[in-house]
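Input: a single structure, listed below in structure tokens.
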Amino acid sequence: MTKQRVIVFNTVKALGSHPTAFEIFERVRKELPGVSLSTVYRNLSILVDQGDILTVRGIGQEVHYDHNLHDHYHVQCRICGKVSDIHTDFIIPSCINPNNEEGYIIEDMLITLIGVCPECANRMKVEDEDA
Ligand SMILES: [Zn+2]
Ligand SMILES: [Zn+2]
């Protein structure tokens, strides 16, 4: 790994809760003042290709990055956009039959639950009480 890539990788780990490329860039820039956003993107995509980190997609275009390679589910707050791990009994039905009329070879399934985080739910409650 190049020094840049090590710093990008460590930053994804340090930021913890599923940062976006821009959040990673903002942090990496403090350590490597000359670094460009495209360099950070390039290093992130190499780390993803190598299986060192994962991407998480939610609502919107933004890709989030995750250093936690264990099987786990994500939830995104539809209000603040934050992506978190979620511990839930929610289980993907294993009876899904990957055979399909359309002829696709099914390889993976991306699931991000969408909801309202406790902080946003609280804020909504307070606003309701104020009204
Ligand atoms: Zn929220
Ligand atoms: Zn995660």
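The values are calculated or read from the model by the stated rules, or taken from the named source; none is laboratory data. Computed from a predicted structure; not experimentally measured. Note that we place each Cβ from the backbone using ideal geometry, even for glycine, and neighbour counts take in every protein chain shown.
Could you tell me which numbered condition Ile106 fails, if it satisfies all but one of (1) of a type in the set (A, V, I, L, M, F, W, C); (2) within 13 Å of ligand 1 (Cβ to nearest atom); (3) over 30 Å from Arg5 (Cβ atoms)?
Among (1) of a type in the set (A, V, I, L, M, F, W, C); (2) within 13 Å of ligand 1 (Cβ to nearest atom); (3) over 30 Å from Arg5 (Cβ atoms), Ile106 violates only (2).
Name the residues in the stretch 74-102 that are modelled with pLDDT of 90 or more and not polar (S, T, N, Q), would you?
His74, Val75, Cys77, Arg78, Ile79, Cys80, Gly81, Lys82, Val83, Asp85, Ile86, Glu102
Mind checking whether some residue in the stretch 69-88 is surrounded by 10 or more Cβ atoms within 10 Å (Cβ to Cβ), under 30 Å from Lys125 (Cβ atoms) and of a type in the set (Phe, Trp, Tyr)?
Yes, because at least one residue in the stretch 69-88 is surrounded by 10 or more Cβ atoms within 10 Å (Cβ to Cβ), under 30 Å from Lys125 (Cβ atoms) and of a type in the set (Phe, Trp, Tyr).
Taking the conditions exactly as written (assigned to a strand (DSSP E or B) and surrounded by fewer than 14 Cβ atoms within 10 Å (Cβ to Cβ)), does Ile106 satisfy them or not?
no
Test Ala14 against the stated conditions and say whether it is surrounded by 14 or more Cβ atoms within 10 Å (Cβ to Cβ), over 17 Å from Leu110 (Cβ atoms) and among the small types (Gly, Ala, Ser).
When the stated conditions are applied, Ala14 does not pass them.
Do you know which residues across the stretch 44-63 are out of contact with any helix residue (DSSP H, G or I) (no Cβ under 9 Å at 6 or more places or on another chain) and within 16 Å of ligand 1 (Cβ to nearest atom)?
Val56, Gly58, Ile59, Gly60
Tally up the residues in the stretch 48-64 that are surrounded by 15 or more Cβ atoms within 10 Å (Cβ to Cβ) and part of a loop (DSSP other than H, G, I, E, B), please.
Counting residues in the stretch 48-64 that are surrounded by 15 or more Cβ atoms within 10 Å (Cβ to Cβ) and part of a loop (DSSP other than H, G, I, E, B) gives 4.
Since Val35 meets every condition but one in (1) hydrophobic (A, V, I, L, M, F, W, C); (2) surrounded by 15 or more Cβ atoms within 10 Å (Cβ to Cβ); (3) within 16 Å of ligand 2 (Cβ to nearest atom), which condition does it not meet?
(3)
Scan the stretch 65-79 for residues that are within 20 Å of Asp89 (Cα to Cα), away from ligand 1 (no atom under 16 Å from the Cβ) and assigned to a strand (DSSP E or B) and report the count.
Number of matching residues: 1.
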